[in-house]
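Structure first, commentary second.
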Amino acid sequence: MKYVVGSLQAFLAREAQIVWIEVAETRGSTPRETGAFMLVSPTDSHGTIGGGQMEHMATDHARNLLAGMATETHLDIPLGPEIGQCCGGRVVLSFRTLDTPARGDLDAMLEARVNGFPEVWLFGGGHVGRALADALVLLPVRTIAVETRRTELDLMSSGASHRLTAMPESLVRDIAPGSAVIILTHDHALDFLIAREALPRTDLAYTGMIGSKTKRATFASWARDEGLDDTALSRLVLPIGGKTVSDKRPAVIAAMTAAEVLVALDAYRRSAGS
């Protein structure tokens, strides 16, 4: 997510006149949720509130505000035949010129949202670990990459926070509840040690390991000798990325795993909120 925040900050630094458009209220079926926002300048924009005719209308209204040709700070838009958009719901949009107080509010909102994102811990900075870091950088998560090797960590995306440690397994106990743990080190024994710490935790949203059916069988035998029961073992996703796509290129595994993790994080959030 650091890449997204960075590009937003670059937009803010580049543009002198900006309107902050936010989805203030939704009813029925809508393309984006309450709180979604975009920024509009006289010649450019950043982000999206759902696209389509609604976004075109909002962008035009924002530029009219900047030009002094409009004064309304809210628009109530029906997403139906009236505007040629078939969602069928209704959206209320708020518009705020980004003066100094508004910029402070925007910065505070962004900080709160980023701090509220779930963590994804990548144990291993090899080819798949780096591909995963690249895939996760655009998603609403905070990525932490853990490595025992400085050389591999230096190759990792700057969108991830970096942790260099000789004992990665010792970090697992302090991982925040609701996080995802993805294990893909260069050493099977180290993979097993990390999983041994993660699987007893019932408060993690996802624990996955790169590998094969053979590796899963080997790990299961070792884990039972270590005292893990079948309930704990059932929490392990191995191999990561599912079986729908057989392509084993790092970028493909990363894309499939990122989707798998997002589903798990959403399911955890829903269960925690129920």
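The numbers here are math on the coordinates, done by the rules we state, and not lab data. In this text the structure is predicted, and so the values were computed from the model without any measurement. All Cβ positions, even for glycine, are placed from backbone atoms using ideal geometry, and neighbour counts span all protein chains on display.
Taking a sphere under 9 Å around the Cβ of M38 and counting the other residues whose Cβ falls inside, with K and R at +1 and D and E at -1, yields a net charge of -2.
What number comes out for the charge environment of I144, summing +1 per Lys or Arg and -1 per Asp or Glu over other residues with Cβ under 9 Å away? Please list the in-between numbers first.
Working: positive: R142, R163; negative: E119.
Net charge around I144: +1.
The 3J(HN,Hα) values that the Karplus relation (6.51, -1.76, 1.60; θ = phi - 60°) gives for the range 250-261 are, in residue order, x, 5, 6, 4, 5, 4, 5, 5, 4, 5, 4, 5 Hz. Gly and Pro appear as x.
Under 5 Å between amide hydrogens, built in the peptide plane, is the criterion, and for L79 it picks out G88, G89, R90, V91 among residues at least 5 positions away or on other chains.
Starting from the eigenvalues of the Cα gyration tensor, five times each then square-rooted, give me the equivalent ellipsoid semi-axes of the range 118-273, largest first, whole Å.
Details: eigenvalues 85, 65, 54 Å².
Ellipsoid half-lengths, sorted descending, are 21, 18, 16 Å.
For T143, the amide hydrogen comes within under 5 Å of the amide hydrogens of V120, S161, counting only partners 5 or more places away or on other chains and with H modelled in the peptide plane. Simple spin-label estimate for D107 and R14 gives 2.1 nm between the two label positions (7 Å along the Cα-to-Cβ direction from each Cα). Applied to the range 210-218, the Karplus parametrisation 6.51 cos²θ - 1.76 cosθ + 1.60 on θ = phi - 60° returns per-residue 3J(HN,Hα) values of 6, x, 9, 4, 5, 5, 4, 4, 5 Hz, with x for Gly and Pro.
Against the main long axis of the alpha-carbon atoms of the chain, helix 52-66 sits at an angle near 60°. The simple spin-label model puts a point 7 Å past each Cα toward its Cβ; for L138 and T244 those points are separated by 1.7 nm. On alpha-carbon atoms, Rg over Rh for the chain using Kirkwood Rh? Rounded to two decimals, Rg over Rh is 1.07. For the range 8-165, what D do you get in µm² per second when you plug the Kirkwood radius from alpha-carbon pairs into Stokes-Einstein at 25 °C and 0.890 mPa s? In µm²/s, the coefficient is 138. Placing a label point 7 Å from the Cα of S212 along the Cα-to-Cβ direction, the residues of the range 166-189 whose backbone N falls under 19 Å of that point are 183-189. Database remark: amide H of T73 closer than 5 angstrom to no amide H (H placed geometrically; neighbours at sequence offset of 5 or more, or on other chains; Pro and chain starts carry no H). Taking a quarter of the surface of the Cα convex hull of the range 1-60 gives a mean projected area of 4.5 nm². The slack between D203 and F117, meaning 0.36 nm per residue of separation minus the straight C-alpha distance, is 29.4 nm.
Partners of K215 within straight-line reach, counting aspartates and glutamates whose Cα lies under 15 Å from its Cα and excluding those fewer than 8 residues away in the same chain: D187, D191.
Per-residue Cβ neighbour counts within 10 Å put E33, E169 in the sequence E33, E169, beginning with the fewest. Counted over the chain, the DSSP beta bridges are approximately 50% antiparallel.
For a quick check: sort V114, V263, V237, V146 by the number of other beta carbons within 10 angstrom, fewest at the front.
Details: V114 15, V263 12, V237 21, V146 26.
Listed from fewest to most nearby Cβ atoms, that is V263, V114, V237, V146.
Along the range 120-136 the Karplus relation, 6.51 cos²θ - 1.76 cosθ + 1.60 evaluated at θ = phi - 60°, assigns HN-Hα couplings of 10, 9, 9, 9, x, x, x, 4, 6, x, 5, 5, 5, 4, 5, 6, 7 Hz to successive residues, with x for each Gly and Pro.
For the pair the range 7-41 and the range 197-216, the centres of their Cα atoms are 38 angstrom apart.
Summing charges over neighbours of V261, with a neighbour being any other residue whose Cβ is under 13 Å away from its Cβ, gives -1 when K and R count +1 and D and E count -1. Taking the Cα centre of the chain as origin and assigning +1 to Lys and Arg Cβ atoms and -1 to Asp and Glu Cβ atoms, the resulting dipole is close to 660 debye. Taking the fewest neighbouring Cβ atoms within 10 Å as the starting point, the ordered list for Y206, Y268 is Y268, Y206.
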